[in-house]
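For reference, the structure discussed in these notes is given below.
The values are calculated or read from the model by the stated rules, or taken from the named source; none is laboratory data. This is a predicted model, so every value here is computed, not measured. Cβ atoms come from the backbone with ideal geometry, glycine included; neighbour counts cover every protein chain shown.
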Amino acid sequence: MINKYFRNPWLWLALGLAAVYIRGLFIDVMDVDAAQYASIAMEMSQNGSWLQVFHRGADYLDKPPLVFWLSAAMFKVFGLSNWAYKLPSVLAALMGVWATYRFTLLFYGFEKARNAAFILASCMGLMVISNDVRTDTLLLGFSTCAIWQGAEYLAFRRWKNLLAAFFFVGLAMLAKGPIGLVMTAFGLGAHLLIKRDWRSIFQWQWLPGLAVTALVLAPMCWGLWQQFDLHPEKLVNDRHGISGLRFFFWEQSFGRITGENVWKNDASGFYFLHVYLWAFLPWCLLLPYALWKHLRGGVTGSHPVTSNPNNREFITLGAFLLTFIALSQSQYKLPHYIFVTLPWAAILLASTLEQPKRWQWLVLYFIGFLTIVLCLAALFFFFPEGAWWLKIPFLVGLTSLLWRIWQQPFPEDSNRLVQRGVWLMVLFGFVLNFHFYARLLPYQCPARVAQLARAQGIPPEKMYFFQSSSHAMDFYNGRIMPNLGTPALARQQALSENGIFVFTTLDGQNILKEAGLHTVEKARFPHFQVALLKPKFLNPATRESTLGSYLLLEIPAPETK
């Protein structure tokens with residue numbers, strides 16, 4: 001019995017994915033967004049202002065506060081660390097995987113539910129945002145839970161499911177804004193409309209549910225009212241008279257479609273199609289056929305077949321397609337905005353995989369080939385200096401996977417297809433989190449600067465920015481570092497504190513010298529903005545030309561005459 005249990009391939013795939021995600025907890029935080037959120041959460045844990053959010057001492061009005069609340073609470077309990085910051089997001093991603101499993105189980109049975117959960121957990125997008133923390137990770141987890149609980153309510157009419165659904169809607173809105181409610185309405189609303197269930201659409205029970213959501217949002221709304229609506233004289237985001245409540249409920253989300261929001265990059269309406277080519281690896285090219293089968297089923301009523309033919313669902317189609325279309329209308333798009341649809345893409349694919357056709361296997365193998373080439377490039381070309389103990393397990397795992405493919409290249413079994421795709425992504429995640437990021441992130445220097453400062457006994461309160469700025473530097477230094485804008489301020493601060501240390505650039509060093517300030521170079525650090533990878537940086541032969549330099553300078557107390 002025990003031997004059979006340990007021969008279960010799903011167990012080993014789950015352990016492989018767990019190792020990848022756990023390793024990601026301990027990777028340094030990336031500038032800019034993830035590091036900014038970490039520094040805001042740190043500031044919140046230090047100043048105790050939970051309902052009114054500040055960033056470097058100034059009023060902050062951009063993202064809802066849940067990501068800051070959760071990380072600040074972790075810092076209070078466990079102290080400042082990479083893993084304490086990332087843990088809430090990783091747990092939210094895990095909640096999303098569990099909700100995906102339970103939702104799929106409700107309509108499609110155990111095997112497809114298991115496949116959907118593994119498809120989601122193994123896709124590249126979820127791996128990325130579990131490491132490079134965004135508000136979208138929380139949104140993904142809580143919105144998936146909301147729709148799952150809503151589906152449970154429609155199936156069984158239990159109050160606990162209804163109230164849980166609206167509780168998770170509230171958390172999703174605290175994570176990212178009204179999209180948490182809109183996406184839930186897209187999924188459940190499309191289902192009820194297509195089934196013409198008018199009685200359920202207009203039932204009074206939705207009202208207590210909305211009251212639960214309102215209670216969840218109440219602390220944030222009170223903070224926004226106190227911080228912004230009562231103070232129209234404040235200059236926020238270069239504007240006076242800002243309403244925090246209107247910004248949250250309208251401008252930050254819907255304003256990106258109407259043009260009221262100042263953030264615009266005019267990305268193409270097809271932008272997220274390009275994003276999906278990598279975010280839903282290795283399943284991306286299998287998804288269009290699955291989507292077509294669901295769309296055809298919505299018209300003909302013949303497909304896909306659920307575990308209960310009389311209980312067909314259109315929630316998945318609504319949650320994926322309507323959300324995808326709505327987000328594509330935004331005038332400001334970034335790749336992670338679309339990640340909230342990944343659970344529903346996983347369900348679309350898993351629910352339609354029956355007996356894989358040869359072309360589906362060939363598509364997966366083609367993507368797998370490209371992925372393996374990328375992994376080999378990372379191991380042996382981009383950063384060949386990695387330890388042998390990382391390369392040998394990868395090569396053993398790859399050889400084992402290729403041997404299985406050689407023995408049985410095209411089995412008519414959807415479980416085998418999912419297992420091989422997950423196996424591929426475990427190898428990819430292993431290279432990404434154990435090797436690639438470990439070699440890449442040292443080129444983002446703030447963590448190393450803070451480490452050197454601690455090793456040399458430099459007090460954090462004596463460190464300042466000059467002609468530079470870094471949220472990661474704030475976080476790893478454990479303090480919001482003031483920015484000395486002029487040499488005169490640097491001179492004054494050095495005099496009052498009997499010497500200071502500044503984090504600056506080569507240009508900043510020259511400005512200080514031209515102003516007559518004596519500086520002592522403590523260390524020089526090569527630097528690259530790692531979130532913006534370029535081919536010239538990845539090529540070791542040309543990497544040096546892409547690097548900038550930051551310096552840690554000591555400015556002794558100027559002599560007074």
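Which of the residues belonging to segment 55-78 are outside any loop (DSSP other than H, G, I, E, B), of a type outside the set (V, I, T) and either surrounded by fewer than 16 Cβ atoms within 10 Å (Cβ to Cβ) or not assigned by TED's automatic domain parsing to the domain that holds L230 (or both)? Those that are outside any loop (DSSP other than H, G, I, E, B), of a type outside the set (V, I, T) and either surrounded by fewer than 16 Cβ atoms within 10 Å (Cβ to Cβ) or not assigned by TED's automatic domain parsing to the domain that holds L230 (or both): A58, K76, F78.
Just checking, which of G109, G150 is modelled with pLDDT under 95 and either farther than 30 Å from D31 by Cα or not polar (S, T, N, Q) (or both)? Of G109, G150, the one residue that is modelled with pLDDT under 95 and either farther than 30 Å from D31 by Cα or not polar (S, T, N, Q) (or both) is G109. Within segment 14-55, being over 16 Å from the mean Cα position of the chain (by Cα) and under 17 Å from A93 (Cα atoms) holds for A14, L15, G16, L17, A18, A19. Taking into account only those residues within segment 478-511 that are in contact with a strand residue (DSSP E or B) (Cβ under 7 Å, 6 or more places away or on another chain) and aliphatic (A, V, I, L, M), which is surrounded by the most Cβ atoms within 10 Å (Cβ to Cβ)? Filtering segment 478-511 for residues that are in contact with a strand residue (DSSP E or B) (Cβ under 7 Å, 6 or more places away or on another chain) and aliphatic (A, V, I, L, M), the one surrounded by the most Cβ atoms within 10 Å (Cβ to Cβ) comes out as V502. Name the single residue that is surrounded by the most Cβ atoms within 10 Å (Cβ to Cβ) among those in segment 82-95 being under 18 Å from M124 (Cα atoms) and hydrophobic (A, V, I, L, M, F, W, C). So the residue we want is A92.
Just give me the residues in segment 487-541 being part of a loop (DSSP other than H, G, I, E, B), more than 30 Å from the chain's Cα centre (by Cα) and without any contact (Cβ under 8 Å) to a residue 60 or more places away in the chain, in sequence order. Listed by number, the residues that qualify are N498, G499, A515, G516, L517, H518, T519, A541.
The requirement of being in contact with a Gly (Cβ under 7 Å, 6 or more places away or on another chain), surrounded by fewer than 24 Cβ atoms within 10 Å (Cβ to Cβ) and over 22 Å from Y153 (Cα atoms) is fulfilled nowhere in segment 96-115; no residue meets it. For F156, indicate whether it is within 30 Å of G187 (Cβ to Cβ), outside the structural domain of P482 (by TED's automatic domain parsing) and either among the β-branched types (V, I, T) or surrounded by fewer than 20 Cβ atoms within 10 Å (Cβ to Cβ) (or both). Answer is yes for this residue.
The one condition from (1) under 17 Å from the mean Cα position of the chain (by Cα); (2) charged (D, E, K, R); (3) modelled with pLDDT of 95 or more that K76 does not meet is (1). Looking across segment 374-388, the residues that are outside any helix (DSSP H, G or I) and surrounded by 15 or more Cβ atoms within 10 Å (Cβ to Cβ) come down to F383, G386.
Output yes when any residue across segment 433-445 is more than 29 Å from F528 (Cα to Cα), modelled with pLDDT under 95 and touching a Phe, Trp or Tyr at 6+ places or on another chain (Cβ under 6 Å), and no when none is. No, segment 433-445 contains no residue that is more than 29 Å from F528 (Cα to Cα), modelled with pLDDT under 95 and touching a Phe, Trp or Tyr at 6+ places or on another chain (Cβ under 6 Å).
Screening T519 with (1) under 29 Å from A84 (Cα atoms); (2) of a type in the set (V, I, T); (3) in contact with a strand residue (DSSP E or B) (Cβ under 7 Å, 6 or more places away or on another chain) gives one miss only, at (1).
Between F466, F430, F410, which is over 22 Å from C123 (Cβ atoms), touching a residue at least 12 places away in the same chain (Cβ under 8 Å) and in the same structural domain as A377 (by TED's automatic domain parsing)?
Working: F466 fails: in the same structural domain as A377 (by TED's automatic domain parsing); F430 fails: over 22 Å from C123 (Cβ atoms).
When all the criteria are applied, what remains is F410.
Every condition in (1) touching a Pro at 6+ places or on another chain (Cβ under 9 Å); (2) of a type in the set (S, T, N, Q); (3) surrounded by fewer than 22 Cβ atoms within 10 Å (Cβ to Cβ) holds for S470 except the one numbered (3).
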